[in-house]
Amino acid sequence: MNGQKYRYRPMALALCLCGAGSVGWADDILNVSVNTSSLEGQANSEVFVELVDGSGTGNGNNTATMNGFSLGGGAVGAVDPFNTFGGASGSMSSTVSMTDSSPDNQFAQLLTPGATLSFNLDLTTFVEPGPIPDGLFMFFTDPNGNSIATTSDPSGFNSLFAVTFNSAQPAVLNYDSKLVSVTSSAPAAAPEIDPASALGAFTLLAGFLAVLRGRRPR
């Protein structure tokens, strides 16, 4: 760890939503599974989960809870104190809790990956009154801080997936369907969210995220 917050640099503010599938869920509990076999056995790999408050005020109206972690033969390491900030706490050894109590909130933990990383993601689904929604992003890096893969994330940050809280049934944007799976724990998925609505909301959110990252000390 180098004592700096996050390893990615901001890209352009105007982003297009390309190469991502958008799915609406009737329930707010998702099952996430990441193929980590390319990093299997590499100590000091790292997981990042970022929750952005679209209001920019840290109003704390949405939360994300992660539990039921399974590392597919891997092992958790220490929580990264330099890259864990805002309303984030806990550990992958038990439960990780996040709230958008700051404009930008992030959890980060080192691990030695196994073949897969899977967990349950329990989300609230409050919608901001303004134009920019809350959003959640997941990133995964090797011991040198390089992304596990070059994904279709249009921001250039190589996030594995994103959740955009633009309705009571948030859009799940999967940027590498071969590497990551995000499914609902509900018996059936809700109808598709309007793609135009998801595009507009995510474009605003991604631009706001880039601004927040640009303000972080390096």
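The values are calculated or read from the model by the stated rules, or taken from the named source; none is laboratory data. Just so you know, these numbers come straight off a predicted model, no measurement behind them. Virtual Cβ from ideal backbone geometry, glycine too; neighbours counted across all protein chains shown.
Things to note:
- Residue in the stretch 22-38 that is on the phi > 0 side of the Ramachandran plot and either among the polar types (S, T, N, Q) or surrounded by fewer than 18 Cβ atoms within 10 Å (Cβ to Cβ) (or both) present: no
- Which listed residue is farther than 20 Å from Leu30 by Cα and among the hydroxyl-bearing types (Ser, Thr, Tyr), from Ser89, Ser70, Ser55: Ser55
- Looking only at residues in the stretch 69-101 that are outside any strand (DSSP E or B) and hydroxyl-bearing (Ser, Thr, Tyr), the one that is farthest from Val47 (Cα to Cα) is Ser101.
Residues are listed down the side, and each one gets a yes or a no for (1) among the β-branched types (Val, Ile, Thr); (2) touching a residue at least 40 places away in the same chain (Cβ under 8 Å); (3) under 21 Å from Asn166 (Cα atoms):
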position: Ser55; (1), (2), (3): no, yes, yes
position: Val79; (1), (2), (3): yes, no, no
position: Phe85; (1), (2), (3): no, yes, no
position: Ser102; (1), (2), (3): no, yes, yes
position: Gln109; (1), (2), (3): no, yes, no
position: Thr112; (1), (2), (3): yes, yes, no
position: Ser118; (1), (2), (3): no, yes, no
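Every residue, every condition in (1) within 25 Å of Gly130 (Cβ to Cβ); (2) β-branched (Val, Ile, Thr), yes or no:
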residue	(1), (2)
Leu51	yes, no
Ser55	yes, no
Thr65	yes, yes
Gly68	no, no
Gly74	no, no
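- Those residues of the stretch 117-168 which are on the phi > 0 side of the Ramachandran plot and of a type in the set (A, V, I, L, M), in sequence order: none
- Single residue of the stretch 88-122 satisfying the filter (within 13 Å of Val52 (Cα to Cα) and buried (at least 21 other Cβ atoms within 10 Å of the Cβ)) that is modelled with the lowest pLDDT: Asp104
- Summed over the stretch 1-58, the residues that are at pLDDT 90 or above, closer than 18 Å to Gly156 by Cα and out of contact with any Leu (no Cβ under 8 Å at 6 or more places or on another chain) give a count of 1.
- If you go through the stretch 79-116 and keep only what is touching a Ser or Thr at 6+ places or on another chain (Cβ under 9 Å) and aliphatic (A, V, I, L, M), you end up with Val79, Ala88, Val96, Met98, Ala108, Leu110, Leu111, Ala115.
- Subset of the stretch 129-180 (residues that are under 13 Å from Leu51 (Cβ atoms) and outside any strand (DSSP E or B)): Pro133, Ser159, Pro170
- Considering residues of the stretch 116-151 that are touching a Leu at 6+ places or on another chain (Cβ under 9 Å) and among the acidic types (Asp, Glu) only, the residue nearest to Asn62 (Cα to Cα): Asp134
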